[in-house]
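Below is one structure, written out as structure tokens; the observations come after it.
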Amino acid sequence: MLETVLDHHQPLPPPRRLPGMELLPPTLDQEGLFRRFMREFAAAERVDFTDLAGNPLIIDRHLFLDLKGAWKIQKGERAAWLLYTATNIRQPDEIWFEPGRRGGQDKLYYFSRFEVSRRGLLSCIAVFGREQGAEGYWLGRTNYATTQVGYVERKRNREIIAGQLRHRRRE
């Protein structure tokens, strides 16, 4: 397993193109969007998934629920780009581990960037967490995409403190 301390000067791997990647239509409701996302993992409601760094994840609706348990799957730009976010979890550019701060959860961050037609650059972020120092499965906390320029770089370089790189896509 690759483990290195965060180097703010090392850029992310170059963005990828995913020819033929489907954008989801705005006509799908929240349950329909979730079901379509889960099909990318060959599951209906929940799946145990091992990432490229060997971390055991639970992929389920918690990736798309806010702290009160309400759907956030259609928030911002998430819905149309949902299948890109599945690719981010399955084949990320980078996976970072950050130990819990001030009693908070340990976290895994998944980052990817994609070249998309007419929009330029798409950044995808997924976060999984578990109790500080715990072993076993990581639970989904959030999963989304944005076309904001530099977003994933800000997340990676400013929000992760004392992070360890667990996986990096080879160019």
Report summary line: Listed by chain and number, the residues whose amide H is under 5 Å from that of G100, excluding neighbours fewer than 5 places away on the same chain and using placed H, are D106, K107, G133
Report task. Would you pull out the residues with amide H under 5 Å of S112's amide H, same chain only if 5 or more places away, H placed 1.01 Å from N? Result -> D93, C124
Report summary line: Here the FRET efficiency for D48 versus Q164, based on Cβ atoms and R0 = 25 Å and rounded to 0.05, is 0.60
Query raised in the report: Taking the Cα centre of each part, how many Å lie between the range 74-126 and the range 137-171?
Result: 6
Query raised in the report: Going toward the positive end of the dipole of the chain, with +1 on Lys and Arg Cβ and -1 on Asp and Glu Cβ, which of Q10, N143, G76 do you reach last?
Result: G76
Report task. Roll a 1.4 angstrom probe over the protein heavy atoms and tell me the percent of accessible area of the chain that is carbon or sulfur. Result -> 51
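For the chain, report the accessible area per residue in Å² (1.4 Å probe, heavy atoms, rounded to an integer).
Working: 8930 Å² over 171 residues.
Heavy-atom SASA per residue in the chain reads 52 Å².
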**Report entry** Cleavage-rule hits, trypsin sites (Lys or Arg not before Pro), the range 90-171, DSSP coil, Cβ neighbours within 10 Å at most 14
**Finding:** R101, R102, R118, R119, R170
**Report entry** Karplus-derived HN-Hα couplings along the range 157-164 (A = 6.51, B = -1.76, C = 1.60, θ = phi - 60°), whole Hz, x at Gly and Pro
**Finding:** 8, 10, 8, 8, 10, 6, x, 10
Report task. Would you pull out the residues with amide H under 5 Å of L57's amide H, same chain only if 5 or more places away, H placed 1.01 Å from N? Result -> F49, T50, D51, W138
Query raised in the report: Per residue of the chain, what 222 nm ellipticity follows from adding -39500 (n - 2.57) for every DSSP H run with n ≥ 4, rounded to the nearest 500?
Result: -3500 deg cm²/dmol
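The values are calculated or read from the model by the stated rules, or taken from the named source; none is laboratory data. Everything numeric in this text was worked out from a predicted model, so none of it was measured. Every residue, glycine among them, receives a Cβ derived from its backbone with ideal geometry; neighbour counts consider all protein chains shown. Heavy atoms of the whole protein, side chains included, go into the accessibility calculation; ligands, DNA and RNA do not. Shrake-Rupley method; radii C 1.70, N 1.55, O 1.52, S 1.80 Å.
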